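Participant: Mind having a look at this structure? Questions to follow.
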Amino acid sequence: DSVVVKMIPDNRLPPRHLHSVLTAKTFAVIKWESPYDSPDQDMLYAVAVKDLVRKTDKIYKVKTRNSTVEYTIKKLEPGGKYHVIVQLGNMSKESSMKINTVPLSAPDALKIITENDHILLFWKSLALKESNFNESRGYEIHMFDSLMNITAYLGNTTENFFKVSNLKLGHNYSFTVQARCLYSGQMCGEPATLLYDELGTGEDTSASKSGRSTDVAAIVVPILFLLLVTLGIGFVVLYMRHRRLQNSFTAFANSHYSSRLGSAIFSSGDDLGDEDDEAPMITGFSDDVPMVIA
């Protein structure tokens, strides 16, 4: 035997499984489930968004019969912090979560130009890649002295360059440029960092690695090429000398070859006069021996 029991829906329960699906710079997608399965009527939700930086509140209404609800919160600010509360329209129990939007990107192509008594920081306008950035917001610049272990705020500017003076010799500095922070420094852009060594040459960390590898390659490759050329010339010279010696030895051996013996005959310098020693030495002519001239 079986029986079907239908529970009475409790509209005082909070929404279930509230979480963030996607968080971008100016919007966030949130998702939750109804307080109970398979609602048989439209349910009205109140979505309250509290800006923790600006200290403002906004309330949105969502009406649906779906068990799973997905909602997009728009008109958020990059780098903002928000507290989201979802509950039924009858002010039942609530579900809440916190959202941090994606901050603005770091400025590109941060470079240093060294002058006589100061340096100039240059970078590309952030408005070229960030449609949500207005140049009137400006940039702020920070400096870190690694020797003194001190971070200093140098100021802000609406231009794409900044002058830095009074740098000390023998100190290494790190400069950061980012979209100016808003509302007590809580809504900032991502920083672009540049290292400045004690010799006064500014270099980006990634650029310095590629630049150094390129310089090393420019030095090593010609040296290796010269070594290969030198080794090739040396092998050619050795081969020519070997061929010359081989040809000389062959010619010398052929000149001393005896077809009667079937081998080459070599003699030292001491043996060259043996035949002359065996022949009788002519000491003179006797009057009793007639001279015959043929």
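The numbers here are math on the coordinates, done by the rules we state, and not lab data. This structure is a prediction, so every number in the text was calculated from the model and none was measured. As a convention, Cβ positions derive from the backbone with ideal geometry for all residues, glycine included, and neighbour counts pool all protein chains shown.
Participant: In the neighborhood of Ser125, defined by Cβ-to-Cβ distances under 10 Å, what is the net charge if each Lys or Arg adds +1 and each Asp or Glu adds -1? Could the numbers behind the result be given before it?
Facilitator: Values: positive: Lys124, Lys129; negative: Asp108, Glu130, Glu135, Glu159.
Net of charged neighbours comes to -2.
Participant: Now a separate question. Would you work out which of Thr72, Val53, Asn100 lies farthest towards the positive end of the dipole of region 1-100? Charges go on Cβ: Lys and Arg +1, Asp and Glu -1.
Facilitator: Val53
Participant: Can I ask one more? As a test of the definition: which semi-axes, in Å, follow for region 1-105 when you take the square root of five times each eigenvalue of its alpha carbon gyration tensor? Largest first, please. Don't skip to the end; give the middle numbers.
Facilitator: On the way: eigenvalues 196, 35, 21 Å².
For region 1-105, the semi-axes come out at 31, 13, 10 Å.
Participant: How big is D, in µm² s⁻¹, for region 107-188 by Stokes-Einstein at 4 °C and 1.567 mPa s if Rh is the Kirkwood radius over C-alpha pairs? Don't skip to the answer; put the middle values down first.
Facilitator: Numbers: Rh = 13.6 Å.
Approximately 95 µm²/s, per Stokes-Einstein.
Participant: Excluding Ile85 itself, what net charge comes from residues whose Cβ is under 9 Å from its Cβ, given Lys and Arg +1 and Asp and Glu -1?
Facilitator: Numbers: positive: Lys50; negative: Glu94.
Local net charge: 0.
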